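The values are calculated or read from the model by the stated rules, or taken from the named source; none is laboratory data. Owing to the predicted nature of the structure, the values given are computational and were not obtained by experimental measurement. Heads up, the Cβs are rebuilt from the backbone with ideal geometry, glycines too, and the neighbour counts pull from every protein chain shown. Just the protein is used for accessible areas: all its heavy atoms, side chains included, with ligands, DNA and RNA removed. Shrake-Rupley method; radii C 1.70, N 1.55, O 1.52, S 1.80 Å.
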2 protein chains.
Amino acid sequence: MLIGGIEAGGTKFVCAVGDESGNIFDKVTFPTEDPAKTLDAAKQFFNKHDIQALGVGSFGPVDLNKKSKTFGSILNTPKLKWKQFHLLDQLKQDYNIPVTLDTDVNAAALGEYKYGAARKAASVLYITVGTGIGAGFVKDGQTYIGKSHPEMGHIFIQQRKDDNFEGNCPYHGTCLEGLASGPAIEKRFGKKGDLLTADHVAWDMVADYLAQAIINYLLIISPEKVIIGGGVMKQEQLYPLIRKKVRDLSNTYMQLENLDKMIVAPKLNDEQGIKGAIALALLG
Amino acid sequence: MLIGGIEAGGTKFVCAVGDESGNIFDKVTFPTEDPAKTLDAAKQFFNKHDIQALGVGSFGPVDLNKKSKTFGSILNTPKLKWKQFHLLDQLKQDYNIPVTLDTDVNAAALGEYKYGAARKAASVLYITVGTGIGAGFVKDGQTYIGKSHPEMGHIFIQQRKDDNFEGNCPYHGTCLEGLASGPAIEKRFGKKGDLLTADHVAWDMVADYLAQAIINYLLIISPEKVIIGGGVMKQEQLYPLIRKKVRDLSNTYMQLENLDKMIVAPKLNDEQGIKGAIALALLG
Ligand SMILES: Nc1ncnc2c1ncn2[C@@H]1O[C@H](COP(=O)(O)OP(=O)(O)O)[C@@H](O)[C@H]1O
Ligand SMILES: Nc1ncnc2c1ncn2[C@@H]1O[C@H](COP(=O)(O)OP(=O)(O)O)[C@@H](O)[C@H]1O
Ligand SMILES: [Zn+2]
Ligand SMILES: [Zn+2]
């Protein structure tokens, strides 16, 4: 069975055709423009293939509350042409096959769960640290959605005493995203992250905030595996730093086994989102 | 069908016999002593009734990971005689009927979900603010358990700038429990909470910390309803204060509807734990 997947990002769309084993047979990437133009480009790609189902991991916020009247539409986004756009309905109309919609981060979590770094885990939290901070969660084969989908990047944590940055989240100032996202690092230190040396104090701070967040996630949803990806994590020295801080801050309270195996990088080389999108279609 | 329930607390045990509609026909309370003596008192009570199944909401930490060798036993507790005690096995042996074990807070959440303040909700988070802070979560009729059960009371949040209390959590100092539990309030202000006036600054602080925690829970698991109980919440002025701070701190980021209906007190008059324990047996 051929399955279609869309990784609907804020800057680019990835469309692919694959199967239930995580193989990808064809793939295309194009910039995200207005809905009509973007979905038209998708249609041109998928028309070349006989797909039986479609899975979509979308930028958000997206209404995933099945009881809601606007279920399946994009909510309050700064991309005004997409605001209130009914993505799910439009795709169902375009293709007339079953369509499964979820968040981009849930798709990435599912991709790594089925084919990547979390293949043997009962549950996985996938965190992305980039322009924003977000996380997706998969447990027992299902993506997690509550009343609305989680927005784990905006949680409150303790700001370090040696850090008096006012934060750059327009809503919360110093929430996690306001302290540790790529743009927060840039604003705090006056340089893009990739221009800071590997031993810059920025990374100790970022590791601190991410470690606190991971502890909060562990205490609240208790995932078996934690995967951290996104542009900021290209600073690979962050992984051992984060693991050490998780251990130190949690201070024997939690039974933490081998953190080298528990907190890891993605394995799918930037294909976790699109492979996960295809896998979404199989959840049904 | 007659069902047994045990609310196994650190200071007292409640045993009851009831049915699937939340009725309770007989109930007994006795202090928690060593395992043998305590479970013997339970047996004396249940021997008078013909129960078909037993549900238990237990103090913790308790091993609820089905893959674990010690599944069903009490873990690292300061009550040394209970440490590593295999509660589930012992109860199965004592009664020879199906036994369902969960945390005390998950039982309370389930009680309110089935019979109390969350009867019409798809999911509910039950927070208790007392000697410690803990929370249970029920979604779509099931209690939530991850790799291990959540310990949501120990999350990190932002300490207020006007609060330089070092916190009283032995593990984390100023985690939520270290800042806002009954003993933390007592240590911070030199008096037990019930001796502080209703307009004491303590309550504004406690409301602040609980509001931040609730926002974190909303962002991470997105429950439909939030119930707050426990000794500290006898300060009823906390409810409107917490609601206001949740709204202010979340600052339009989340779509929050009627907080008077969303963040509420328990409805079952201290029977949420035992009614929930009985309801646990029906999940089985
Ligand atoms: N090598 C690097 N070191 C530190 N930060 C980086 C690096 N590469 C990219 N970033 C930061 O990551 C962010 C982009 O994240 P990315 O995950 O690539 O995109 P997005 O989150 O928009 O999908 C930018 O803020 C950028 O400055
Ligand atoms: N009226 C009150 N106002 C403020 N705090 C109170 C009040 N009553 C009890 N407490 C505090 O609540 C805590 C006990 O919580 P409770 O939920 O009754 O027990 P536990 O958490 O041990 O099961 C104590 O720290 C006590 O000081
Ligand atoms: Zn924020
Ligand atoms: Zn703590």
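Shortest first and in nm with one decimal, please list how far the A:SER21 label point sits from its counterparts in the other copies (point 7 Å along Cα→Cβ).
Values, ascending and in nm: 5.7.
From the Cα gyration tensor of chain B, with a ≥ b ≥ c the square roots of its eigenvalues, which class applies: rounded if a/c is under 1.5, or else prolate if a/b is larger than b/c, or else oblate?
prolate
Would you kindly work out, in nm and rounded to one decimal, the distances from the label point of B:LEU80 to those of the same position in each other copy, ordered shortest first, with label points 7 Å along Cα-to-Cβ?
7.0
When only the heavy atoms of the protein chains count and the probe is 1.4 Å, how do B:LYS43, A:LYS81, A:LYS12 rank by accessible area, highest first?
Most to least solvent-accessible, the answer reads A:LYS81, A:LYS12, B:LYS43.
Under a GNM of chain A (C-alpha, springs under 10 Å), which listed residue has the highest mean-square fluctuation: A:THR143, A:THR29, A:THR103?
In the Gaussian network model the winner is A:THR29.
Under the Karplus relation 6.51 cos²θ - 1.76 cosθ + 1.60, θ = phi - 60°, what is the ordered set of whole-Hz ³J(HN,Hα) values for the range A:21-31, x standing for Gly and Pro?
With coefficients 6.51, -1.76 and 1.60, one gets 9, x, 6, 10, 9, 7, 7, 9, 10, 8, x Hz.
Dipole of the range A:117-264, Cα-centred, from +1 at each Lys and Arg C-beta and -1 at each Asp and Glu C-beta, to the nearest 20 debye? Don't jump to the answer; show the numbers that get you there.
On the way: 17 positive and 16 negative charges, 55 e Å.
Using Cβ point charges on Lys, Arg, Asp and Glu, the range A:117-264 gives about 260 debye.
Could you report the accessible area of A:VAL28 in Å², rounded to 10, computed with a 1.4 Å probe on the protein chains as they sit in the structure?
Accessible area, nearest 10 Å²: 50 Å².
Along the positive direction of the dipole of the range A:117-264 (beta-carbon charges: Lys, Arg +1; Asp, Glu -1; about the Cα centre), which of A:PHE137, A:GLY178, A:GLY193 reaches farthest?
Checked the options; the winner is A:PHE137.
Net charge around A:ALA53, counting only other residues with Cβ within less than 14 Å of its Cβ (Lys, Arg = +1; Asp, Glu = -1)?
Here the count lands on -4.
Return one whole number: the accessible area per residue of chain B in Å², for a 1.4 Å probe.
Roughly 43 Å² per residue, with all protein chains present.
Which of A:LYS12/A:LYS92; A:LYS161/B:LYS79; B:LYS139/B:LYS267; A:LYS114/A:LYS192; B:LYS48/B:LYS81; B:LYS37/B:LYS192 have a Cα-Cα distance over 25 Å? Present the calculation step by step, with values, prior to reporting the outcome.
Working: A:LYS12/A:LYS92 21 Å; A:LYS161/B:LYS79 36 Å; B:LYS139/B:LYS267 18 Å; A:LYS114/A:LYS192 34 Å; B:LYS48/B:LYS81 27 Å; B:LYS37/B:LYS192 32 Å.
Check vs 25 Å cut-off fails for A:LYS161/B:LYS79; A:LYS114/A:LYS192; B:LYS48/B:LYS81; B:LYS37/B:LYS192.
Show me, for the range A:53-64, the HN-Hα J-couplings you get by feeding each phi into the Karplus relation (A = 6.51, B = -1.76, C = 1.60, θ = phi - 60°), rounded to Hz, glycine and proline as x.
7, 9, x, 9, x, 10, 4, x, x, 10, 7, 10
What is the sum of charges, Lys and Arg at +1 and Asp and Glu at -1, for the other residues whose Cβ falls under 10 Å from the Cβ of A:ARG119?
Computed value for this residue: +3.
Quick one: putting +1 on the C-beta of Lys and Arg, -1 on the C-beta of Asp and Glu, what dipole do you get for the range A:78-121 around its Cα centre, in Debye to the nearest 20?
100 debye
List the aspartates and glutamates whose alpha-carbon lies under 13 Å from that of A:LYS120, not counting same-chain residues fewer than 8 positions away?
A:GLU112, A:ASP140, A:GLU224
Report in % the part of the accessible area of the range A:117-264 that belongs to carbon and sulfur, leaving out ligands and nucleic acids; probe 1.4 Å.
Whole-percent figure for carbon plus sulfur exposure: 49.
Chain pair A, B: how much accessible area is buried, both chains summed, with a 1.4 Å probe, in Å² to 100?
Heavy-atom accessible area buried at this interface is about 3700 Å².
Rounded to the nearest 5, what % of DSSP beta bridges with both residues in the range A:50-194 are antiparallel?
Among the beta bridges of the range A:50-194, antiparallel pairing accounts for roughly 70 percent.
Using only helices, what value at 222 nm comes out for chain A when you add -39,500 (n - 2.57) per DSSP H run of length 4 or more and divide by the total residues, to the nearest 500 deg cm²/dmol?
For chain A, the value works out to -10000 deg cm²/dmol.
Restricting the count to DSSP beta bridges whose residues both fall in the range A:1-91, what percent are antiparallel, rounded to a multiple of 5?
In the range A:1-91, DSSP labels about 70 percent of beta bridges as antiparallel.
Under the rule of at least 5 residues apart or a separate chain, name every residue whose amide H is placed under 5 Å from the amide H of B:ASP26.
B:VAL17
For peptide B:251-259, compute the average count of partner chain beta-carbon atoms within 10 Å of each residue's beta-carbon.
Mean number of neighbouring Cβ atoms from other chains: 3.
With only Lys, Arg, Asp and Glu charged, each at its Cβ (+1 for the first two, -1 for the last two), find how big the charge dipole of chain B is about the Cα centre; round to the nearest 20 debye.
For this selection, approximately 280 debye.
So for the protein assembly as shown, considering every pair of alpha-carbon atoms, how many percent are separated by more than 34 Å?
Counting every Cα pair in the protein assembly as shown, those more than 34 Å apart make up 42 percent.
Rank B:LYS27, A:LYS244 by accessible area, highest first, at a 1.4 Å probe radius?
From most accessible down to least: A:LYS244, B:LYS27.
Per 5 Å bin from zero, what fraction in whole % of the C-alpha pairs of the range B:117-264 is there, up to the bin with the longest pair?
Result, from short to long distances: 2, 9, 20, 23, 21, 14, 8, 3, 0 percent.
List every DSSP H helix in chain A whose Cα atoms extend 20 Å or more along the helix's own long axis and whose mean Kyte-Doolittle hydropathy is at least 0.5.
Those that clear 20 Å and a mean of 0.5 are A:201-221.
Quick one: compute the contact order of the range B:117-264, relative version, from alpha carbon pairs under 8 angstrom and 6+ residues apart, as a percent.
27 percent
From the phi angles alone, apply the Karplus equation (6.51, -1.76, 1.60; θ = phi - 60°) to the range A:13-20 and give each ³J(HN,Hα) in whole Hz, x where the residue is Gly or Pro.
After applying 6.51 cos²θ - 1.76 cosθ + 1.60, I find 9, 10, 10, 8, 10, x, 9, 6 Hz.
Across the residues of B:116-122, average count of Cβ atoms on other protein chains within 10 Å?
Whole-number average of other-chain Cβ neighbours for B:116-122 is 1.
B:GLU236 label points, 7 Å along Cα→Cβ, one per copy: pairwise distances from this copy to the rest in nm, shortest first?
Nearest to farthest, the other copies are at 6.1 nm.
Take the alpha carbon atoms of the range B:106-185, find their center, do the same for the range B:30-96, and report the distance between the two centers in whole angstrom.
23 Å
Can you tell which of A:GLN90, A:ASN168, A:ILE155 lies farthest toward the positive end of the dipole of the range A:36-191, using +1 and -1 charges on the Cβ of basic and acidic side chains (Lys, Arg; Asp, Glu)?
A:GLN90
Lysines within cross-link reach of A:LYS191: Cα-Cα under 21 Å, excluding same-chain residues under 8 positions apart?
Cα-Cα hits under 21 Å: A:LYS234.
Report, as an integer, the average count of C-beta atoms from other chains found within 10 Å of each Cβ along B:141-153.
What the average comes to for B:141-153 is 4.
Using only the alpha carbon atoms of the range A:25-66, find the Kirkwood hydrodynamic radius as the inverse mean reciprocal pair distance, in angstroms to one decimal.
12.3 Å
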